[in-house]
Amino acid sequence: MTTLKKVSEATALVSSLREAYDSGLTAKRQWRINQLTALRQLVIDNQKVLEDALHQDLGKSSSEAQLTEIGIILGDIDYALKNLSAWLKPQKVSVPLAVMPAKAFVVSEPVGVALIIAPWNYPMQLLLAPLVGALAAGNAVVLKPSELAPATSAALAKLIPVYLDTRAIAIVEGAAKETGWLLEQKYDHIFYTGNGRVARIVMEAAAKHLTPVSLELGGKSPIYIDESVDLEAAAQRIAWAKYLNAGQTCVAPDYILATASVQHELEAHLVAAIAALYGADPLQSEDYGRIINDNHFARLSGYLADGRVVADGKPNKAQRYIPPTVLAEVKRDAGVMQEEIFGPILPMITVTDLDDAIDFINSKSKPLALYVFSENTLARRAFTERTSSGALAFNVAVIHLSVPGLPFGGVGESGIGAYRGKRSFDTFSHEKAILSKPLKPETLALVFPPFTESKKKLIKGLLRKLS
Ligand code: NAD
């Protein structure tokens, strides 16, 4: 089933998945391995189909599709397959003297039925990366791709039932109405990636069943850059991170904070970096993407008047093309500074110094990522200690999500929970505490009433020392 016509179909779907989960099917180690391997095969067999769909939805080049969607998913699957045995092993924990003799373990068990709701900007990666965690952890899953990336949604809706076990894994296409029907059902975890407005709808629906949520959201991720770095080299990395997927990346640098003199020098380097990446006319570049739809195109076009456009180029409405743009002389209260830009426009805001930059960042919601381009140890320490963000990266942007050991997620308005690597497995697992203590000898007599005077003394003194 890939489309729902009424809410009762969502109810029937989720109850059939729950039956499969309750039967013990999905918890079996071999089932998890089979599904992960089948997902791998799906991606490998259909690379061209997926690349074409991503190109249709976002004008993504095949290299970018490989780098940011297909390759990431294959890497995630391999990592999960390689580490699954270790993740499934009971983790022994030490037992305090007062409880000895006993053995204590933590065992990860599946949570049950999970709902994964994905956005349009990395429509394959952001649907399948959480799926890898959910399958590795042994759950049944409902997948809801974004309707705003219809080609990718349709391709995955067709392929997933062919490769994966339909008894326990379903994909449902649709928009707000269908997602609403799905959200009326009871799950054991809801994993949502997207904007803060819908996140609130998701959390409200989850609250009805006390269902835990992961909310992978966005916001404005700043760059701070100072004169201690090689500005030419920094500009290259900044331009790549900003204009990847035409700026439609949740961890894309949203704006730059720098002193006037650094900005002055950086401008020319950014223009040169854009030309090096996409040629003199990025409209002609096969490597430069397009804006997802007309609404976003109109929204982004409106921002172009919020500063002095540094890099040349005109938007093209028919192609939904917004050129890689740097905006100088942007006021702190300009429209482009009010919400996440989510497009290829990079405003530069003048700060007097590092403290001014930190105060500005701290006056806004906690970002998903914060990028500091500085060789100055004190500056790096100041950002580490005095700001809060989902991630903090020095002299690089976006790449932190390629490190499986680093949690990927937000804080405050930028999200709840984190995943990737083992955390994807943990997100969809319950850590069950297991304690086993022999009945004899009875070492617990001290905690049983009646509390005689000698027991009271022992409780006050000895027990505290032993725990
Ligand atoms: P979107 O419009 O595709 O919405 C996401 C999902 O929510 C879709 O599946 C959609 O069907 C569903 N939805 C939309 N309206 C709904 C409603 N009223 N009720 C229930 N479900 C509804 O994507 P988007 O929200 O525009 O995505 C962009 C945002 O996502 C940006 O803020 C970006 O920063 C953020 N994002 C975060 C990450 C991350 O990993 N933290 C990754 C990518 C994008």
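Things worth noting here:
- Screening LEU304 against (1) assigned to a helix (DSSP H, G or I); (2) crowded, with 19+ Cβ neighbours inside 10 Å leaves a single unmet condition, (2).
- Residues in the stretch 65-101 that are open to solvent by 70 Å² or more (accessible area, probe 1.4 Å) and either assigned by TED's automatic domain parsing to the domain that holds GLY289 or closer than 17 Å to ALA134 by Cβ (or both): TYR79 only.
- Being within 25 Å of VAL229 (Cβ to Cβ) and crowded, with 18+ Cβ neighbours inside 10 Å is a condition met by no residue of the stretch 294-301.
- Total residues in the stretch 248-289, condition within 16 Å of the ligand (Cβ to nearest atom) and either out of contact with any strand residue (DSSP E or B) (no Cβ under 6 Å at 6 or more places or on another chain) or polar (S, T, N, Q) (or both): 5
- Strands (runs of 3 or more DSSP E) wholly inside the stretch 347-445 that include at least 3 residues being open to solvent by 70 Å² or more (accessible area, probe 1.4 Å): 429-436
- Set GLU232, GLU265: member being open to solvent by 60 Å² or more (accessible area, probe 1.4 Å), among the acidic types (Asp, Glu) and touching a residue at least 40 places away in the same chain (Cβ under 8 Å): GLU232
- In this entry, GLY218 passes the filter for residues that are in a loop (DSSP other than H, G, I, E, B) and either farther than 30 Å from TYR321 by Cβ or within 11 Å of the ligand (Cβ to nearest atom) (or both).
- Failed item in (1) within 16 Å of the ligand (Cβ to nearest atom); (2) in the same structural domain as GLU147 (by TED's automatic domain parsing); (3) on the phi > 0 side of the Ramachandran plot, with ASN245 passing the rest: (2)
- Test: residue in the stretch 113-133 that is away from the ligand (no atom under 16 Å from the Cβ) and either open to solvent by 30 Å² or more (accessible area, probe 1.4 Å) or not assigned by TED's automatic domain parsing to the domain that holds HIS296 (or both): yes
To keep it simple, each residue is scored yes or no on (1) near the ligand (Cβ under 8 Å from one of its atoms); (2) free of Cβ contacts under 8 Å to residues at least 12 places away in the same chain; (3) assigned to a helix (DSSP H, G or I).
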{"site": "GLU147", "(1), (2), (3)": "yes, no, no"}
{"site": "PRO161", "(1), (2), (3)": "no, no, yes"}
{"site": "THR166", "(1), (2), (3)": "no, yes, no"}
{"site": "GLU173", "(1), (2), (3)": "no, no, no"}
{"site": "MET203", "(1), (2), (3)": "no, no, yes"}
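- Members of the stretch 70-101 that are outside any helix (DSSP H, G or I) and more than 30 Å from VAL447 (Cα to Cα): LYS89
- So PHE394, is it in contact (Cβ under 8 Å) with a residue 40 or more places away in the chain and either of a type in the set (Val, Ile, Thr) or away from the ligand (no atom under 14 Å from the Cβ) (or both): no
- Within the stretch 1-39, the set of residues being within 24 Å of GLY174 (Cβ to Cβ), assigned to a loop (DSSP other than H, G, I, E, B) and open to solvent by 50 Å² or more (accessible area, probe 1.4 Å) comprises MET1, THR3, LYS5, LYS6.
- Only one of the listed residues (ALA273, ALA318, ALA280) is among the small types (Gly, Ala, Ser) and either buried (at least 22 other Cβ atoms within 10 Å of the Cβ) or not assigned by TED's automatic domain parsing to the domain that holds LEU392 (or both). That residue is ALA273.
- Residue under evaluation GLY335, criteria (1) free of Cβ contacts under 8 Å to residues at least 40 places away in the same chain; (2) within 19 Å of ASP306 (Cα to Cα); (3) touching a helix residue (DSSP H, G or I) at 6+ places or on another chain (Cβ under 7 Å); (4) open to solvent by 40 Å² or more (accessible area, probe 1.4 Å), criterion not met: (4)
The values are calculated or read from the model by the stated rules, or taken from the named source; none is laboratory data. Here the structure is a predicted model, which is why all the values come from computation and not from measurement. When we count neighbours, we look across all protein chains shown, and the Cβ atoms used for this are built from the backbone with ideal geometry, even at glycine. These accessible areas exclude ligands, DNA and RNA; they are computed on the full protein's heavy atoms, side chains included. Shrake-Rupley method; radii C 1.70, N 1.55, O 1.52, S 1.80 Å.
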